[in-house]
Amino acid sequence: MGILNDFSLEGKVALVTGASYGIGFAIATAYAQAGATIVFNDIKQELVDKGIAAYKEEGIEAHGYVCDVTDEDAVAGMVKKIEEEVGVIDILVNNAGIIKRIPMLEMSADQFRQVIDVDLNAPFIVSKAVIPGMIKKGHGKIINICSMMSELGRETVSAYAAAKGGLKMLTRNIASEYGEFNIQCNGIGPGYIATPQTAPLREIQPDGSRHPFDQFIIAKTPAARWGDTADLQGPAVFLASDASNFVNGHVLYVDGGILAYIGKQPQ
Ligand code: NAP
Ligand code: GCO
């Protein structure tokens, strides 16, 4: 098969955090199709059970663990269990994330910290727990799910933008610090993707019209549509596979062109 072999994930163990549904689920499904064994976690048993059932429907025997990614001891315990029960992790996707859309002057410091904790501190905690195994194995892939907000700001998302901007720099730093151990750490910056996280921005209005933010995103995206979780699958497989072995510290924006576009000129 030549070059296509480089994209295979056969024999690899992949941990995707917060992957019962949404972007994490789509990425894990693609990894399974490429040959990897799938491990995921979520905060609640109910979500883990739902996730396992959803993977089963796709013909995937996924291993699910209950774990809050912000809890350092819990994460260390989970990674130890995964190593014993499934195998040493080859691929980590730091996907679990939250957003709070609150104007900065109305946001409490506690709310700000909660977002930083899940979206920035947790990728540090989980990466720290898996890197030693990757070093022993002689290779590893870490993929951090960044955002348009790793580059851009907008009203109401100060904590999220601060966290995702920080996650871009954590990505570069892991690449810098552990590249010599054959570990590649890259980011994916999804554009606006239709998932439960963005559902409030797409709600149909009482008069049946589209949400103004929905219309704004369509106008701001050269592809003129929201992204689908499937749009992230190919890029995620590339960054987890041998095809990207000399790609390190990069953020691959999968955004339908948003970051390249100044916006529609006035008619
Ligand atoms: P989602 O639908 O809200 O899914 C996020 C998942 O993370 C949920 O399963 C959630 O569980 C889990 N999670 C949250 N906090 C956690 C914690 N402390 N420990 C373990 N799991 C936790 O979001 P999504 O849209 O698929 O987004 C996935 C990632 O992509 C996030 O990092 C997000 O910021 C990023 N992203 C999304 C978009 C987009 O347009 N949708 C664009 C760019 C980047 P619960 O349901 O229990 O909260
Ligand atoms: C928002 C959105 C975004 C997206 C995504 C963009 O309120 O602006 O939720 O932040 O979720 O991260 O890449």
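The values are calculated or read from the model by the stated rules, or taken from the named source; none is laboratory data. Nothing here was measured: the structure is a model prediction, and the numbers come from that model. Counting neighbours? That spans all protein chains shown, and the Cβs are built from the backbone with ideal geometry, glycine included.
Would you pick out the residues in region 154-193 that are within 16 Å of ligand 1 (Cβ to nearest atom), more than 30 Å from residue 219 (Cβ to Cβ) and not in a helix (DSSP H, G or I)?
Result: 185, single match.
When only residues in region 190-206 that are of a type outside the set (A, V, I, L, M, F, W, C) and more than 7 Å from ligand 2 (Cβ to nearest atom) count, which is farthest from residue 251 (Cα to Cα)?
That would be 206.
Of all residues in region 230-267, which are charged (D, E, K, R) and either more than 23 Å from residue 16 (Cβ to Cβ) or surrounded by fewer than 18 Cβ atoms within 10 Å (Cβ to Cβ) (or both)?
Once the filter is applied, which keeps residues that are charged (D, E, K, R) and either more than 23 Å from residue 16 (Cβ to Cβ) or surrounded by fewer than 18 Cβ atoms within 10 Å (Cβ to Cβ) (or both), region 230-267 yields 242, 264.
Among residues belonging to region 6-50 that are surrounded by 24 or more Cβ atoms within 10 Å (Cβ to Cβ) and of a type in the set (Gly, Ala, Ser), point out the one that is farthest from residue 134 (Cα to Cα).
Within region 6-50, the match that is farthest from residue 134 (Cα to Cα) is 20.
Checking the conditions here, which among 227, 187, 140, 166 is small (Gly, Ala, Ser) and surrounded by fewer than 22 Cβ atoms within 10 Å (Cβ to Cβ)?
166
Checking residue 147 against (1) more than 29 Å from residue 109 (Cα to Cα); (2) within 17 Å of the chain's Cα centre (by Cα); (3) hydroxyl-bearing (Ser, Thr, Tyr): exactly one of these is not met. Which one?
Looking at each condition in turn, residue 147 falls short on (1).
Could you tell me whether region 137-152 includes any residue that is within 13 Å of ligand 1 (Cβ to nearest atom), over 20 Å from residue 16 (Cα atoms) and out of contact with any Gly (no Cβ under 8 Å at 6 or more places or on another chain)?
Checking region 137-152: at least one residue is within 13 Å of ligand 1 (Cβ to nearest atom), over 20 Å from residue 16 (Cα atoms) and out of contact with any Gly (no Cβ under 8 Å at 6 or more places or on another chain).
Please identify the pairs in which a residue from region 155-166 that is free of Cβ contacts under 8 Å to residues at least 40 places away in the same chain and farther than 15 Å from residue 114 by Cβ has its Cβ atom under 8 Å from the Cβ atom of a residue that is acidic (Asp, Glu) and within 13 Å of ligand 1 (Cβ to nearest atom), counting only partners at least 6 apart or on another chain.
So the pair list comes out as 165/151.
So how many residues does region 167-189 have that are out of contact with any Cys (no Cβ under 6 Å at 6 or more places or on another chain) and within 14 Å of ligand 2 (Cβ to nearest atom)?
Qualifying residue count, region 167-189: 1.
Tell me the residue from 42, 73, 90 that is near ligand 1 (Cβ under 10 Å from one of its atoms) and modelled with pLDDT of 95 or more, please.
42
Does at least one position in region 218-225 carry a residue that is part of a loop (DSSP other than H, G, I, E, B), within 16 Å of ligand 2 (Cβ to nearest atom) and out of contact with any helix residue (DSSP H, G or I) (no Cβ under 8 Å at 6 or more places or on another chain)?
yes
Can you name the strands (runs of 3 or more DSSP E) wholly within region 1-104 that have at least 3 residues being away from ligand 2 (no atom under 16 Å from the Cβ), in contact with a Ser or Thr (Cβ under 8 Å, 6 or more places away or on another chain) and in contact (Cβ under 8 Å) with a residue 12 or more places away in the chain?
The strands (runs of 3 or more DSSP E) meeting that bar are 37-42.
Being under 28 Å from residue 12 (Cα atoms), surrounded by fewer than 17 Cβ atoms within 10 Å (Cβ to Cβ) and more than 15 Å from the chain's Cα centre (by Cα), is that true of even one residue in region 115-134?
yes
Kindly indicate whether residue 131 is more than 12 Å from ligand 2 (Cβ to nearest atom), out of contact with any Gly (no Cβ under 6 Å at 6 or more places or on another chain), over 20 Å from residue 97 (Cα atoms) and in contact (Cβ under 8 Å) with a residue 40 or more places away in the chain.
yes
Looking at region 194-208 only, could you name the residues that are loosely packed, with under 11 Cβ neighbours inside 10 Å and either within 16 Å of ligand 1 (Cβ to nearest atom) or aromatic (Phe, Trp, Tyr) (or both)?
196, 199
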